[in-house]
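Below: one structure, written as structure tokens.
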Amino acid sequence: MTPKKSGIWSFFASVQLALVLLSLIAFFALVGTLVPQREEAVAFAERIPPALFSFLQKMQIFDLYHSAWFILLSGLLAVNLIICSLDRFPPAWRRFRMRHEPKNEDIFRDVAEEDTLLADTDVRTAADAALSLLRRKYHAVERADEASSAWLCAQKGRFSLFGVYIVHVSILALIAGAVVGSVFGVEGFVHIPEGETVESFSLRSGGQPLPLPFAVRCDRFTVEFYEGGMPRTFQSDLTFLKNGRAVRSAKLLVNHPVEFEGFRFYQASYGAAPGGKATLALMREGGRRDVMNVAEGYVFDLPGREGTFQVLRVEENLMKMGPAVKVAVTSRRGQEAVFWVFQQIESIKKMSPDIFEQVPLFNPGLFRPYTFSLLGLEEKYYTGLQVNRDPGTPVVAVSALGLIGGLMLILFSYARAVWIRISPSGDQVLLSIAGRSYKNQPGLQKEMRYLLAELKNRLEKRR
Amino acid sequence: MIHTKILSGVTFLYFAAFVFYLFRMVLGREFWGKWATVTALGGLAAQSIALVVRWKTSYDLGFGHAPLSNFYESLIFFAWTIVLLYLLMERRLKNRSIGVFVLPVAFLIMAYASIAPGMNQRIEPLIPALQSNWLTSHVLTCFMGYAAFTVAFALGILYFFKTAAGPRPGVFVRLMPSEFHIDELIYSCAVLGFIFLTLGIVTGSVWAHYAWGSYWSWDPKETWSLITWLIYAVMLHTRLVRGWRGRRMAVMAMVGFGCMLFTYLGVNLLPSLHSYMS
């Protein structure tokens with residue numbers, strides 16, 4: 001070991017520090033799930049004294065996962081991981097590079113009785129059997145024959161020594177990816193009513209809407225329901241425009257985001273947009289019936305040129321009496337009549353027969369000689385999109401793969417070396433087995449037992 | 001529904017298996033142990049059939065999905081993985097002493113799923129956010145992890161039973177594996193659970209990335225899974241680097257299990273994006 005280690009170095013190289021940091025991060029994460037965070041903290045503020053609230057806010061308790069505390073802990077963990085890995089890597093590298101000699105007196109110094117085997121054979125035959133057995137299970141097998149004895153050494157699982165470094169580097173990369181995401185990434189949302197175009201979106205963190213380098217139009221929004229009323233699918237047909245020209249059309253579904261120029265769009269929600277279309281029928285006393293499609297703000301001439309009418313509002317469910325459209329009719333002499341046209345006017349009249357006397361505003365025949373009726377509403381939706389740009393995501397994805405790979409390497413494989421010594425013992429042969437494992441002594445013991453039993457089997461069969 | 005009937009039968013089979021394991025431990029006769037294993041195996045087989053039937057029924061109803069989509073289905077699957085894992089371990093260890101601690105857990109989960117008030121046992125269609133191939137891999141890996149942690153927890157209890165016994169223990173304790181072996185088993189289960197939990201978190205992140213537009217949003221369930229992950233990370237480090245063994249490992253297995261349980265059930269008390277689990 002190098003003598004250069006200062007106090008700070010060994011502090012950051014220690015596993016105790018890692019354990020303390022992991023526990024502290026776990027603790028802070030726990031607090032964050034109990035104390036309302038971000039938007040939810042507003043309601044919480046009303047229930048505690050203002051002084052306490054402002055103190056807690058200064059301590060960044062209400063945005064714990066983005067607080068200085070959390071960044072500090074993650075930063076310390078990162079430093080700890082780096083120093084700890086640098087500190088331990090050289091010996092691990094030496095262990096990785098180490099080629100064991102087949103002849104190793106030390107390892108057989110105090111070999112246990114159960115790690116030996118007496119066989120009625122000669123040294124050569126026993127060594128050949130041991131070699132073929134070891135070759136079947138190990139990659140690197142070496143053999144050294146001496147005048148009267150033979151030595152074998154086999155190694156395996158050296159790469160698992162790197163597993164822990166792969167995991168640690170992956171976690172560092174994961175933290176780095178998350179930092180990149182939080183510094184350079186943006187997260188926001190936008191609502192687009194059907195048929196409309198947007199060129200910016202609102203940020204989750206608040207503030208000014210962020211302009212997009214392109215425009216998005218929602219051509220159509222469709223939602224399908226199960227029989228029970230739960231939504232089955234919802235979908236937005238989007239068109240991306242650059243300088244007013246449609247560049248790309250895409251169908252956006254839940255679980256199937258669409259990416260355009262580095263921004264990812266997610267189907268998050270939907271709702272009824274104001275200003276749906278309505279189908280109105282217009283009946284002139286003793287005359288013809290006109291049907292027309294209207295929307296808020298539309299202005300029409302009356303069929304008999306008595307004046308104009310304008311659609312003021314389209315309501316899906318006015319005062320719990322169903323769909324209704326508010327209309328203003330202006331005669332050529334400037335008289336104005338404003339009234340609501342209900343779709344279910346017949347059933348409303350049945351419930352309260354004198355409704356028109358009580359509320360003239362609800363009389364669809366208020367402007368003579370016309371009677372309006374509402375045939376139906378065509379609902380208009382808006383689509384709610386989540387908009388993200390996170391350049392850290394690929395880094396995080398690769399780190400996650402590295403993390404899993406490294407863990408598998410550590411936990412399902414281990415570095416070990418086994419030696420077999422074969423020497424004459426009277427007119428028999430004594431086989432001894434010994435091994436060395438950096439981490440998994442019980443596993444190695446089991447493996448040695450297995451090797452010895454298998455060897456015994458083979459030698460007995462041979463006779 | 002035929003599958004709910006089978007599943008209530010399975011509940012009784014697991015209880016019977018537990019009773020047989022108990023007989024074996026108290027009477028010290030392997031005869032009961034064999035019956036216990038056979039009963040547990042029968043329960044597992046019947047439960048597998050019920051799960052397949054439920055899966056198929058969902059297709060017949062026109063919205064086929066793996067039976068892993070609501071709280072009821074997750075409980076059933078949890079019990080299934082616990083018994084599966086336990087029986088695999090029993091086979092490898094050739095020791096039946098752990099069953100007396102594991103089977104009651106499986107039984108209680110099944111019983112809770114069958115009789116808890118307000119438990120929705122119907123097969124329901126999936127809302128759009130759940131219509132993803134990641135649903136199966138995410139739930140599968142998470143519950144494999146949960147099951148491994150549960151077995152580790154049962155082993156932790158076993159460890160305390162073993163150490164609490166005096167120098168001349170009764171047959172109940174003598175049948176148990178040695179303290180050294182229990183410790184090894186706790187470690188193996190924790191490792192297995194840790195890998196599956198990691199896979200569960202990663203698959204969940206990938207799914208969240210596609211469904212919610214963010215691989216990590218500090219949702220309580222996500223946060224608690226991280227806490228659980230950190231606790232087991234601490235546990236593995238204390239063992240591998242600090243050399244903690246025995247009693248300390250058993251305590252860690254219990255703390256970790258508590259965190260896991262909160263991740264699974266407790267977070268339903270907190271507002272969460274995972275709310276369809278409740």
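Here are the numbers for this structure:
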quantity	calculated
Residue B:242 being charged (D, E, K, R), part of a helix (DSSP H, G or I) and either at pLDDT 90 or above or out of contact with any Asp or Glu (no Cβ under 8 Å at 6 or more places or on another chain) (or both)	no
Pairs, first more than 10 Å from chain A (Cβ to nearest Cβ) in the stretch B:229-254, second polar (S, T, N, Q), C-beta under 9 Å, six or more apart	B:244/B:238; B:246/B:163; B:247/B:163; B:248/B:238; B:249/B:238; B:250/B:163; B:252/B:238
Residue that is surrounded by the most Cβ atoms within 10 Å (Cβ to Cβ), among those in the stretch A:181-229 that are within 14 Å of chain B (Cβ to nearest Cβ) and among the β-branched types (Val, Ile, Thr)	A:190
Filter result for the condition that a residue is crowded, with 18+ Cβ neighbours inside 10 Å and small (Gly, Ala, Ser), over B:165, B:208	B:208
Number of positions in the stretch A:428-463 that are farther than 30 Å from residue A:410 by Cα and either free of Cβ contacts under 8 Å to residues at least 60 places away in the same chain or assigned to a helix (DSSP H, G or I) (or both)	7
Top-ranked residue of the stretch A:358-410 - restricted to ones that are outside any helix (DSSP H, G or I) and among the small types (Gly, Ala, Ser), ranked as nearest to residue A:240 (Cα to Cα)	A:384
Evaluation of residue A:101 against (1) farther than 26 Å from residue A:167 by Cβ; (2) under 25 Å from the mean Cα position of the chain (by Cα) (one fails), failing number	(2)
Qualifying positions in the stretch B:106-122 - in a loop (DSSP other than H, G, I, E, B) and either more than 16 Å from residue B:265 (Cβ to Cβ) or of a type in the set (Gly, Ala, Ser) (or both)	B:116, B:118, B:121, B:122
Options B:107, B:78; residue that is under 30 Å from residue A:228 (Cα atoms) and modelled with pLDDT of 85 or more	B:78
Qualifying residues in the stretch B:38-57 (those that are surrounded by 20 or more Cβ atoms within 10 Å (Cβ to Cβ) and of a type in the set (S, T, N, Q)) - the one farthest from residue B:129 (Cα to Cα)	B:39
Residues of the stretch A:409-438 satisfying the condition of being of a type outside the set (S, T, N, Q), closer than 17 Å to residue A:124 by Cβ and surrounded by 16 or more Cβ atoms within 10 Å (Cβ to Cβ)	A:420, A:421, A:422, A:429, A:430, A:431
Among (1) away from every other protein chain (no Cβ under 14 Å); (2) without any contact (Cβ under 8 Å) to a residue 40 or more places away in the chain; (3) touching a Leu at 6+ places or on another chain (Cβ under 9 Å) - the single one residue A:233 does not satisfy	(1)
Conditions (1) away from every other protein chain (no Cβ under 13 Å); (2) in contact (Cβ under 8 Å) with a residue 24 or more places away in the chain; number of the one not met by residue B:123	(1)
Subset tally (residues that are more than 7 Å from chain B (Cβ to nearest Cβ) and closer than 14 Å to residue A:69 by Cβ) for the stretch A:21-36	6
Selection count where residues are assigned to a helix (DSSP H, G or I) and within 9 Å of another protein chain (Cβ to nearest Cβ), scope the stretch B:203-220	7
Of residues in the stretch A:37-53 being surrounded by fewer than 16 Cβ atoms within 10 Å (Cβ to Cβ) and within 10 Å of chain B (Cβ to nearest Cβ), the one farthest from residue A:205 (Cα to Cα)	A:40
Candidate set from the stretch A:341-357 (those that are assigned to a helix (DSSP H, G or I) and in contact (Cβ under 8 Å) with a residue 24 or more places away in the chain); member that is nearest to residue A:372 (Cα to Cα)	A:345
Yes/no for residue B:226 being of a type outside the set (D, E, K, R), more than 11 Å from chain A (Cβ to nearest Cβ) and without any contact (Cβ under 8 Å) to a residue 40 or more places away in the chain	no
Residue match in the stretch B:143-150 (condition: on the phi < 0 side of the Ramachandran plot, among the small types (Gly, Ala, Ser) and within 14 Å of chain A (Cβ to nearest Cβ))	yes
Top-ranked residue of the stretch B:63-94 - restricted to ones that are part of a loop (DSSP other than H, G, I, E, B) and without any contact (Cβ under 8 Å) to a residue 24 or more places away in the chain, ranked as nearest to residue B:107 (Cα to Cα)	B:94
Residue that is nearest to the other protein chains (Cβ to nearest Cβ), among those in the stretch A:244-269 that are surrounded by fewer than 20 Cβ atoms within 10 Å (Cβ to Cβ) and among the hydroxyl-bearing types (Ser, Thr, Tyr)	A:269
Sole exception among (1) under 26 Å from the mean Cα position of the chain (by Cα); (2) under 27 Å from residue B:216 (Cβ atoms); (3) not charged (D, E, K, R) for residue A:208, by number	(1)
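Residues are listed down the side, and each one gets a yes or a no for (1) within 24 Å of the chain's Cα centre (by Cα); (2) modelled with pLDDT of 90 or more:
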{"residue": "B:125", "(1), (2)": "no, no"}
{"residue": "B:133", "(1), (2)": "yes, no"}
{"residue": "B:144", "(1), (2)": "yes, yes"}
{"residue": "B:150", "(1), (2)": "yes, yes"}
{"residue": "B:156", "(1), (2)": "yes, yes"}
{"residue": "B:166", "(1), (2)": "no, no"}
{"residue": "B:176", "(1), (2)": "yes, no"}
{"residue": "B:194", "(1), (2)": "yes, yes"}
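The values are calculated or read from the model by the stated rules, or taken from the named source; none is laboratory data. Being a predicted model, the structure only gives us computed values, none of them experimental. Because the Cβ atoms are built from the backbone with ideal geometry, glycine has one as well, and the counts that use them run over all protein chains shown.
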